[in-house]
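The values are calculated or read from the model by the stated rules, or taken from the named source; none is laboratory data. Everything quoted here is computed from the prediction, not taken from an experiment. So basically every Cβ, Gly included, is an ideal-geometry build from the backbone, and we count neighbours across all protein chains shown. Ligands, DNA and RNA are excluded from the accessible area calculation, which covers all protein heavy atoms including side chains. Shrake-Rupley method; radii C 1.70, N 1.55, O 1.52, S 1.80 Å.
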Amino acid sequence: MFNAPQIKHSTQDLRRLDKQHLWHPFTPMKLWLESDPLVITAAEGMHLIDSDGRRYLDGFSSLWCNVHGHRVPEIDQAIRDQLDKVAHTTMLGFASEPATLLAERLMRIVPSSLSKVFYSDAGATATEVAFKLAAQYWFNTGKPERNEFVGFAEAYHGDTVGAMSIGRMPAFHKPYFPMLFKTHFAPTPYVYRYDVQGASDSERANVVRQHCLNALETILQQHGDRIAAVCIEPMVQGAGGMIVQPPGFLSEVARLTRHYGALLIADEVAVGFGRTGKMFACEQEQVQPDILCAAKGLTGGYLPLAATFASQQIFDAFLGEPWEGRTFYHGHTYTGNPLAAAAALASLDLFEKNKLLDHVGSTSGKLRHMLQELKELPYVGDIRQLGYMVGIELVEDKATRRSFDPRRRLGAEVCFNCRKHGVIIRPLADVIVLMPPLAMGEDDLRTIVNAVKTEIAAIRSTN
């Protein structure tokens with residue numbers, strides 16, 4: 001057998017080839033082409049390693065998906081074992097051992113209202129499946145007019161057409177607005193950004209929560225007979241700026257949705273698999289959704305795999321003879337990929353073996369204590385946290401909550417400078433996001449917080 005020689009490319013070569021051929025996601029490419037990008041070539045534990053051998057703590061879980069760290073022996077071995085059997089086989093007309101075993105395992109941990117799982121490969125595809133299921137459920141049950149949706153401002157559900165329609169973020173999606181279908185939007189309880197005069201923090205949260213719930217109820221009252229579903233990111237709206245919902249908001253959204261007869265879709269792509277301290281964020285307020293979307297942490301951050309869970313009632317509405325038109329004609333080539341399913345099974349084993357949810361519960365409290373040290377810094381307007389999800393909002397004036405000029409790209413500057421401390425994080429505009437792997441320990445968390453503290457303290461006002 002011919003073995004091709006292994007050629008080691010220099011950092012300079014890799015950067016040149018990248019700029020020559022690649023188009024990066026969510027990246028202003030003009031700035032990219034003018035920069036010297038970090039080239040990641042390896043990883044170990046909680047660290048990413050660049051092409052020059054420098055090590056960095058993975059403070060953003062490689063885009064919010066890594067759970068146990070990198071090169072985890074148990075997950076690595078599970079994938080190798082599966083490779084010795086089959087790397088991929090379709091689920092169109094065939095059953096799959098790893099996907100079947102994973103489905104049985106997942107049904108033990110999802111909310112009890114759910115009984116079926118439909119696999120896809122990413123968060124956006126999971127939500128797209130959810131929206132199509134909701135619309136066809138009403139079509140199949142004789143109410144085709146129920147084909148509109150309710151979303152929340154500042155929500156993000158992915159970048160496919162349905163996901164953009166219901167999570168319509170102007171910064172990401174404005175050019176595509178003419179392509180999108182009709183959606184009703186309720187306000188988000190972004191407590192920090194509401195002006196409630198003379199109120200304490202808890203009073204403001206209560207006022208904001210009720211205002212947003214009232215607006216949602218008005219939508220449901222006026223359009224309820226046409227609403228297929230209400231879609232929400234439970235507890236924390238991630239890409240909108242790590243917006244933590246006030247206590248009781250999620251449970252009231254669920255109550256109103258049921259009262260007006262719509263379905264409830266929980267988009268747990270970012271918040272699921274332990275991020276908030278519960279396996280699923282809906283558990284924080286004992287909410288039972290009709291449909292739940294999961295991805296990111298499902299495989300421990302190893303391979304693309306997503307899942308859309310549905311209730312038995314929804315599934316039953318799709319049963320019938322082929323000529324009756326009830327079938328869900330939707331699918332993906334890599335649906336239920338065996339390698340990804342094997343990684344997910346190994347990841348779930350590690351959740352149990354390492355008591356990972358207990359770890360997040362105890363260590364997130366220590367992280368909260370560390371973050372208190374940042375509150376007195378002059379440009380830290382708000383710190384939002386639930387579990388291992390943190391948003392640190394930078395403002396130019398704390399008294400008025402005035403934001404920095406976005407052209408300054410201050411959040412990006414702070415995150416870039418944290419690399420000097422051996423830490424990689426990514427911002428959401430001027431919200432500094434900390435989203436470490438769930439298995440990360442106290443010492444590494446302290447390193448990340450100290451790096452952020454140092455670089456925020458170094459900010460100089462333009463005034």
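Nothing charged except the Cβ atoms of Lys and Arg (+1) and of Asp and Glu (-1): what's the magnitude of the dipole of the chain about its Cα centre? Round to the nearest 20 debye. Write out the running numbers ahead of the final one.
Working: 47 positive and 51 negative charges, 151 e Å.
Value, rounded to 20: 720 debye.
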With a ≥ b ≥ c the root eigenvalues of the C-alpha gyration tensor of region 51-153, is it rounded (a/c under 1.5), prolate (a/b larger than b/c) or oblate? oblate
At H369 and E145, where each label point lies 7 Å from the Cα along Cα→Cβ, what is the point-to-point distance in nanometres? 5.9
Considering only the other residues whose Cβ falls under 11 Å of the Cβ of L213, what net charge follows from Lys and Arg at +1 and Asp and Glu at -1? 0
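Probe of 1.4 angstrom, ligands and nucleic acids ignored: what's the accessible area per residue over the chain, in square angstrom?
Numbers: 21500 Å² over 463 residues.
Ligands and nucleic acids excluded, the figure is 46 Å² per residue.
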Leaving out ligands, DNA and RNA, and with a 1.4 Å probe, what % of the accessible surface on region 1-148 is carbon or sulfur? 59
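Of all the accessible heavy-atom surface of region 398-444, with the other protein chains kept in place and a 1.4 Å probe, what percent is carbon and sulfur?
Values: 1140 of 2280 Å².
Carbon and sulfur atoms account for 50 percent of the accessible area of region 398-444.
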Residue by residue through region 391-400, what is 3J(HN,Hα) from phi via Karplus (6.51 cos²θ - 1.76 cosθ + 1.60, θ = phi - 60°)? Round to whole Hz and write x for glycine and proline. x, 10, 8, 8, 9, 6, 9, 5, 5, 9
With each pseudo-label sitting 7 Å past Cα toward Cβ, what's the I49-E442 distance in nm, one decimal? 2.9
Could you give each residue of region 371-380 its phi-based ³J(HN,Hα) in whole Hz, using Karplus coefficients 6.51, -1.76, 1.60 with θ = phi - 60°, and x for Gly or Pro? 5, 4, 5, 8, 5, 8, 5, x, 10, 8
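What pairs in K398/K453; K143/K174; K278/K366; K143/K182; K116/K296 have C-alpha atoms more than 21 Å from each other? Don't skip to the answer; put the middle values down first.
Details: K398/K453 17 Å; K143/K174 31 Å; K278/K366 17 Å; K143/K182 17 Å; K116/K296 19 Å.
Pairs exceeding the cut-off: K143/K174.
Taking all protein chains together and a probe of 1.4 Å, list Y379, Y334, Y176, Y329 from the most accessible to the least accessible. Walk me through the numbers on the way to the answer.
Details: Y379 35, Y334 130, Y176 95, Y329 170 Å².
Sorted descending by solvent-accessible area, the residues read Y329, Y334, Y176, Y379.
What fraction of the DSSP beta bridges in the chain is antiparallel, stated in percent and rounded to the nearest 5?
Values: 33 of 49 bridges.
Approximately 65 percent, going by the DSSP bridge assignments.
Would you mind counting up the charge near T276? Only other residues with Cβ under 15 Å from its Cβ, with Lys and Arg at +1 and Asp and Glu at -1.
Working: positive: R275, K278, K296, R368, R384; negative: E233, D267, E268, E283, E285, D358.
Neighbour charge sum, excluding T276 itself: -1.
Take the alpha carbon gyration tensor of region 276-327, find the square roots of its eigenvalues, order them as a ≥ b ≥ c, and report rounded if a/c is under 1.5; if not, report prolate when a/b exceeds b/c, else oblate.
Numbers: a/c = 5.78, a/b = 1.67, b/c = 3.46.
Oblate is the answer for region 276-327, as a/c is 1.5 or above yet b/c matches or exceeds a/b.
Rounded, prolate or oblate, given the Cα gyration tensor of the chain, with a/c below 1.5 counting as rounded?
Values: a/c = 1.63, a/b = 1.09, b/c = 1.49.
Note, shape of the chain comes out oblate.
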